[in-house]
1. So is Leu87 in contact with a strand residue (DSSP E or B) (Cβ under 7 Å, 6 or more places away or on another chain), surrounded by 16 or more Cβ atoms within 10 Å (Cβ to Cβ), closer than 17 Å to Leu21 by Cα and of a type in the set (A, V, I, L, M) or not?
2. Could you identify the single residue in Ser54, Ser77, Ser104, Ser97 that is under 17 Å from Val20 (Cα atoms), among the small types (Gly, Ala, Ser) and out of contact with any Leu (no Cβ under 7 Å at 6 or more places or on another chain)?
3. When the residues of the stretch 35-75 are narrowed to those that are out of contact with any helix residue (DSSP H, G or I) (no Cβ under 7 Å at 6 or more places or on another chain) and under 20 Å from Leu101 (Cβ atoms), which ends up surrounded by the most Cβ atoms within 10 Å (Cβ to Cβ)?
4. Kindly establish whether Ala115 is of a type in the set (Gly, Ala, Ser), within 10 Å of the chain's Cα centre (by Cα) and in a helix (DSSP H, G or I).
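Bear in mind these aren't lab numbers, they're just calculated from the coordinates by the rules spelled out. Predicted model only: the values in this text are computed from it and were never measured. Backbone-built Cβ (ideal geometry, glycine too); neighbour counts: all protein chains shown.
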Amino acid sequence: MSHDPIPFDVFSTMCPSREVLAHVTSRWGVLTLAALGTEPARFGELRRRIDGISEKMLSQTLKNLESDGLVDRRVQSTLPPHVDYALTPTGERVAESVKALIVSLYGVMPDVMRAREAL
């Protein structure tokens, strides 16, 4: 049996990659992936790292990224129990691209600021 890769086309409304792209590139998706970095983090840690995110939005963003297989939710059997969130190997690949975009943005910010001042 042949397992040809499924052709994905984010420009097609029927492509499932469009929904994942929306989750990853949403305001909070980008910041959550970047904030998770290389170490697991607890919910409260993520909320403190991502200034301005509400508890509800962080919870929804984590659920979306988990359902896409980008984030792993691990319940720790401690007293009291707590939950850690970590990037999956797939999530690490996507997060690297997100972080590269952020670094690129930092690099062009002086130009952006000059363009804004010129208006």
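1. yes
2. Ser97
3. Among them, the one singled out is Gly37.
4. On the way: of a type in the set (Gly, Ala, Ser): yes; within 10 Å of the chain's Cα centre (by Cα): no; in a helix (DSSP H, G or I): yes.
Here the answer is no, as Ala115 does not meet what is asked.
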